[in-house]
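One structure is given here, and the rest of the page talks about it.
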Amino acid sequence: TVGSANWNGGLVATRHLLGLGHRRIAVITGPNDVMCSRARVDGFRAAMDEGGVRLDPSLVRNGDFFVGGGYGHGMDLLSRPDRPTAIFAGSDLQAMGVLRAARELGLKVPEDLSVIGYDDLPVSEWINPALTTVRQPLQDMAGTATRMLLSLSRGAPPPNPRIDLATELVVRQSTAPPPPGS
């Protein structure tokens, strides 16, 4: 299998938000039975622990990696009286759902709420505001998987049965320090 360093992606995204001063951070991940979802949340939890920030379990949500899940959880999280000042979404599509929920609730991103996605889909730099996201090297992952399959088809087993490629935080306009008094 070929994947990305999901744990590290969750870690660097959350460290970025903590570095901006956020302390009430929510995470919307994918299904709990999907390994990359669990790894991203584990990285999130590790960063919160490292930063000495107590994690509110009610701010950890399992979604589906799609816009509708991000929107639904975003509406719920952002309608709370103790709403988070930042949301780390497990996919760019979920983050786009959160952006819509924020807009419908009259919240401005990044002034009232910071949002980070995951994947770095091409559209992420074109939406408004441009989305801060964790870049997965999707083309490199596809190329590596193809080379592994071609080797297998020639009878040569891959040297490693699992390869995780590095992730990278891409900072754009959807993150900023939390509002004063948050």
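Derivation of every value follows stated rules applied to the coordinates shown; laboratory data play no part. Just so we're clear, the structure is a prediction, and the values are computed from it rather than from any experiment. Please note: Cβ atoms are built from the backbone with ideal geometry, for glycine as well, and neighbour counts cover all protein chains shown.
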Of all trypsin sites (Lys or Arg not before Pro) in region 52-150, the ones in DSSP coil with at most 10 other Cβ atoms within 10 Å are ARG54
Row for region 34-93, column shape: gyration tensor on C-alpha, a ≥ b ≥ c, rounded if a/c < 1.5 i.e. under 1.5, prolate if a/b over b/c, else oblate; value oblate
Listed residues VAL41, VAL98, VAL12; largest mean-square fluctuation, Gaussian network over the chain with Cα springs below 10 Å, found at VAL12
Across ASP119, ASP64, ASP49, the residue with the highest GNM fluctuation in the chain (Cα network, 10 Å cutoff) is ASP49
Given unit charges at Cβ for Lys, Arg (+) and Asp, Glu (-), the dipole magnitude of the chain about its Cα centre in debye, nearest 20, is 120
In a Gaussian network model of the chain with springs linking alpha carbons closer than 10 Å, the residue among VAL67, VAL34, VAL134 that fluctuates most is VAL34
Computed over the chain, the relative contact order (Cα-Cα under 8 Å, seq sep at least six) in percent reads 27
Matching label for the computed Rg and Dmax of the Cα atoms in Å, out of (1) 15.7, 45; (2) 16.9, 62; (3) 17.7, 60, is (2)
